[in-house]
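See structure below.
The values are calculated or read from the model by the stated rules, or taken from the named source; none is laboratory data. Every value quoted in this text rests on a predicted model; they were computed, and no experiment measured them. We place every Cβ from the backbone using ideal geometry, glycine too, and count neighbours over all the protein chains shown. Accessible surface areas use protein heavy atoms only, side chains included; no ligands, DNA or RNA. Shrake-Rupley method; radii C 1.70, N 1.55, O 1.52, S 1.80 Å.
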Amino acid sequence: MNIRALAAKAIFDVLERGVSLSVALPAQQQLLRDGKDKALMAEICYGVMRHLPQLDKLISGYMQKPLKGKQRVIHQLLLVGAYQLYFTRVPAHAAISETAEGCRALGFESLVKVVNGVLRNIQRQVPPLDESNDTLKYNFPAWIIRRLKDAYPDNWEGIIEASHQRPPMWLRNNRRHQSRDAYLQALTDAEISAAAGQGEDAICLEFATDVARLPNFAEGASSVQDGAAQWAASLLAPQNGELVLDACAAPGGKSCHLLELADIELVAVDFDEKRLERVSQNLERLKLNAKVIHGDAGDIGNWWQGGKFDRILLDAPCSATGVIRRHPDIKWLRQNNDIAELAKLQQQILDNCWQWLKPGGTLLYATCSILPEENREQIKAFLERTPDATLETLPNQANSNDIGWQILPGQDDMDGFYYARLKKALV
């Protein structure tokens, strides 16, 4: 199969059908056998998403008329070709010829000359990429830029720059298998360069690698999880014998970490039944046990007939603006009006979870967002309407007066994340 054609189809699914790249890319990669081909395809797809406005403006400037309907996949193919010419080491002649062949593979023989002509014109002229407005300059939607300017007037450009960087690969050591020092030594023995992160189980690799190379990965010795996400289990701090709820559990990384930290009875629930399968898969690989339930965390009484919980982890549905460096398609899948709807959903789930928390219990609210409406403003409003809730100061907070702990993208090489720990009064 033609790599460029498959990349164009994946990008088409994202931009025209609203499918996340984490779903669209593997669906096309499965048609390739060679690992290097899969890696090149991923590089192209992620690269196009990172530089979409500039590439789109470039391509449109060389087209006599826009492509419509089913032919839009050829527009995506041209983005693939342009990305190779500007941002990869693929020789120009190979990039152009393979992209033109991709047009044939997609069944648009009549447009091969168009693809060839546009890309050859770009190759000859190499025009500078347009930076005439903020969207083109920063390759970010205008609405996110506006929100970042309002929330972070002193460092919004740094946040955008960090969101364009390629993230490192983080591992979570499974302390039930070995100490972190022991696993760092095992990585060294396997000629994998790594260093300890801030969290007690966190390990950051110098270079990303196939999990098949990781020592005893299949046996559960470690898991792939960003350093910021690993703080969830540590901050919730489960204790042996407790009943704990992971309210939005998929894909299960935090659920497994909680079970690695203590002998607890864990209920892992998620509204997305397909993503819930990943929770079961992770539990199985790590040989851990939890009650995995398909249900709505905003309506716990509909599926849970047990008692109230000692601790609740609420990793709430959010804009995911803190993980754009890992998922650049978020920039184009999210819309400005999504934020108010997400904040409303977060409020509903938070209020419902609170009703199922024991007096004296702890709830950890978390998002992978960097927008105040989903984080500190959400928690501030919750505290104002919830008299039996107290916000605890987290050890990681720079300022004890802050409402929760906001991690920004790239901070200590981590993703953007937010945490707020709430304590319920005993009476």
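Things to note:
- The set of residues from the range 268-293 being open to solvent by 90 Å² or more (accessible area, probe 1.4 Å) and either in contact with a strand residue (DSSP E or B) (Cβ under 8 Å, 6 or more places away or on another chain) or under 21 Å from Arg175 (Cα atoms) (or both) comprises Phe271, Glu273, Gln281, Glu284, Lys287, Asn289, Lys291.
- Residues in the range 380-419 that are closer than 17 Å to Gly199 by Cα and not in a loop (DSSP other than H, G, I, E, B): 9 in all.
- Search result, residues across the range 1-36 that are outside any helix (DSSP H, G or I), farther than 16 Å from Lys331 by Cβ and either open to solvent by 30 Å² or more (accessible area, probe 1.4 Å) or of a type in the set (Gly, Ala, Ser) (or both): Met1, Gln30, Leu31, Arg33, Asp34
- Filter result for Lys57 (at pLDDT below 95 and either open to solvent by 50 Å² or more (accessible area, probe 1.4 Å) or in a helix (DSSP H, G or I) (or both)): no
- Count - residues of the range 103-120 that are over 17 Å from Ile59 (Cα atoms) and buried (at least 16 other Cβ atoms within 10 Å of the Cβ): 3
- Selection within the range 198-241 - closer than 17 Å to Met414 by Cβ, part of a helix (DSSP H, G or I) and in contact with a strand residue (DSSP E or B) (Cβ under 6 Å, 6 or more places away or on another chain): Ala232, Leu235
- Taking each residue of the range 201-218 that is in contact (Cβ under 8 Å) with a residue 60 or more places away in the chain and under 19 Å from Arg175 (Cα atoms) and looking for partners that are among the small types (Gly, Ala, Ser) and open to solvent by 70 Å² or more (accessible area, probe 1.4 Å) with beta-carbon atoms closer than 9 Å, six or more apart or interchain, yields Ala218/Ala212.
- Selection within the range 362-374 - buried (at least 22 other Cβ atoms within 10 Å of the Cβ) and either assigned to a strand (DSSP E or B) or not hydroxyl-bearing (Ser, Thr, Tyr) (or both): Thr362, Leu363, Leu364, Tyr365, Ala366, Thr367, Cys368, Ile370, Leu371, Glu374
- The criterion of at least 2 residues that are of a type outside the set (A, V, I, L, M) and in contact (Cβ under 8 Å) with a residue 60 or more places away in the chain is met by the following helices (runs of 4 or more DSSP H) wholly inside the range 73-182: 92-105, 142-151, 156-164.
- Residue list for the range 375-406, filter: within 16 Å of Gly322 (Cβ to Cβ) and open to solvent by 50 Å² or more (accessible area, probe 1.4 Å): Arg376, Glu377
- Here Ala212 fulfils each of the conditions (1) modelled with pLDDT under 95; (2) within 20 Å of the chain's Cα centre (by Cα) apart from (2).
- Qualifying residue in the range 409-421 (condition: open to solvent by less than 50 Å² (accessible area, probe 1.4 Å), in contact with a Pro (Cβ under 7 Å, 6 or more places away or on another chain) and among the acidic types (Asp, Glu)): yes
- Counting residues in the range 82-102 that are among the hydrophobic types (A, V, I, L, M, F, W, C), farther than 17 Å from Met1 by Cα and buried (at least 23 other Cβ atoms within 10 Å of the Cβ) gives one or more.
- Residue within the range 39-49 that is among the β-branched types (Val, Ile, Thr) and open to solvent by 60 Å² or more (accessible area, probe 1.4 Å) present: no
- Of the numbered criteria (1) touching a Ser or Thr at 6+ places or on another chain (Cβ under 6 Å); (2) open to solvent by less than 30 Å² (accessible area, probe 1.4 Å), the one Gln225 fails is (1).
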